[in-house]
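A quick write-up on the structure given underneath.
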Amino acid sequence: LKRVLNLLMSKKRIIVVSPGRGTYTRETSGYLKSCNALAKYHISWMDEMRLKKGYKTLTELDNSIFKTNIHMRGENASTLIYGCSISDFLSIDQSKYQIVGVAGNSMGWYTALALSGAVTIENGYRIIHQMGAMMEKEIIGGQIIYPFMNKDWSLDKLKKIEILKKIEEVSAHVSINLGGYLVIGGSQNSLNKLLKALPKIEKFPFQIPFHAAFHTPLMKEVSKRAFKQISVSFFNKPKIPLIDGRGHIWSPFSTNEKELQDYTLEDQVLNTFDFTRTLEVALKEYCPDHIVLLGPGNTLGGSIGQIMIKNDWLKINSKDSFIKFQKKDPYLISMGEPSQRSYLF
């Protein structure tokens, strides 16, 4: 027992975060080429499943020239990102790191289910494929991303209130609370009005290509169809604590599988995904030595920094102090960043 306790105490405690849609880009092409043998086994299985359904394999997509109208489509992007995140997760040296919790942003919630053991890697793929391909023929609504932070990454509450008023005026919805950004979902008519109403800030407001109105009431039919295709038998009690888009923790001891199915296929599909709250709970409940952000890419890194600033975590209170902290001894380890990736091996 003493040897086991000493081993656990010597490990660094980490929270693992999986990214959502929009993270596989031209810059991340070829991401799967460096995956280890175990990851290759799972990727090969996913490739077989895709071939049987008449889709290009993840390997083929990853090796081909990036094209927005191919790689960012739901039926391709979702499982491609899933494959990259699973590959990264399986490369973490768990003799050095103790994973004390897992979380994900938006689509990353489905990945987090698999990382925690709440579903198998195979069933995680099936869930992501079903949800990602649900609007293959017709995308319902869309999403806009817009900042409400200042240049130093401090969050501007008054600016957020003004944005929320404009969202309500056009009958749109807050889809994701994402650090210093709001992701806004709605019908294309609502988004068109909002694109004109929101003041221009650099490239924002920006409509995200091939994204539907995820996490809004517009997804009601998608949710109904999901229950017909994804049964409660897919779900288990997680082996690692799982933090959802409300900040609720699904424990290995108390999770009810039916409730987990309901949250996954209804609650988070139709309601705001509060990633800010997710990460705040992860930090304050588990006080990890590091946050590990899985790839592909590092687009979620800024939002995580903004949430740390909001909470004055480790006395990080500005963009400048976050960058300095990261250069000295990265608290946020992004596996999509080659310079940080080696920390996990």
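The values are calculated or read from the model by the stated rules, or taken from the named source; none is laboratory data. Note that the structure is a prediction, hence the values are computed from the model and not measured. Here the Cβ is made from the backbone with ideal geometry for all residues, glycine too, and neighbour counts use every protein chain on show. Just the protein is used for accessible areas: all its heavy atoms, side chains included, with ligands, DNA and RNA removed. Shrake-Rupley method; radii C 1.70, N 1.55, O 1.52, S 1.80 Å.
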Can Met135 be described as of a type in the set (A, V, I, L, M), in a helix (DSSP H, G or I), in contact (Cβ under 8 Å) with a residue 24 or more places away in the chain and within 28 Å of Lys53 (Cα to Cα)?
-> no
Taking the condition of a type in the set (A, V, I, L, M, F, W, C) and crowded, with 22+ Cβ neighbours inside 10 Å, does Met131 pass?
-> yes
Check on Ala77, part of a helix (DSSP H, G or I), open to solvent by less than 10 Å² (accessible area, probe 1.4 Å) and out of contact with any Leu (no Cβ under 7 Å at 6 or more places or on another chain) = yes
Please identify the pairs in which a residue from the range 222-235 that is closer than 12 Å to Gln261 by Cβ has its Cβ atom under 7 Å from the Cβ atom of a residue that is basic (Lys, Arg) and in a helix (DSSP H, G or I), counting only partners at least 6 apart or on another chain.
-> Val232/Lys258
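Within the range 139-159, track down each residue that is in contact (Cβ under 8 Å) with a residue 40 or more places away in the chain and either touching a strand residue (DSSP E or B) at 6+ places or on another chain (Cβ under 7 Å) or open to solvent by less than 60 Å² (accessible area, probe 1.4 Å) (or both).
Across the range 139-159, the qualifying residues are Ile140, Gly141, Gly142, Gln143, Ile144, Ile145, Tyr146, Pro147, Met149, Trp153, Ser154, Leu155.
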Sole miss for Cys84 among (1) touching a residue at least 24 places away in the same chain (Cβ under 8 Å); (2) open to solvent by 10 Å² or more (accessible area, probe 1.4 Å); (3) not charged (D, E, K, R) is condition (2)
Tally, over the range 292-316, of residues that are over 20 Å from the mean Cα position of the chain (by Cα) and open to solvent by less than 40 Å² (accessible area, probe 1.4 Å) | 2
Residue ID - surrounded by the most Cβ atoms within 10 Å (Cβ to Cβ), chosen from residues in the range 225-259 that are under 26 Å from Arg13 (Cα atoms) and of a type in the set (Val, Ile, Thr) | Ile243
Considering residues of the range 314-345 that are of a type in the set (Val, Ile, Thr) and outside any helix (DSSP H, G or I) only, the residue nearest to Ser18 (Cα to Cα) = Ile333
Residue within the range 14-24 that is out of contact with any Cys (no Cβ under 8 Å at 6 or more places or on another chain) and in a helix (DSSP H, G or I) present | no
Residue pairs within 6 Å by beta carbon, gap of at least six or interchain, first lying in the range 301-322 and more than 17 Å from His290 (Cβ to Cβ), second part of a helix (DSSP H, G or I), listed first then second, are Asn317/Ile309
Do you know which residues across the range 217-239 are farther than 14 Å from Trp109 by Cβ and in a loop (DSSP other than H, G, I, E, B)?
-> Ser231, Asn236, Lys237, Lys239
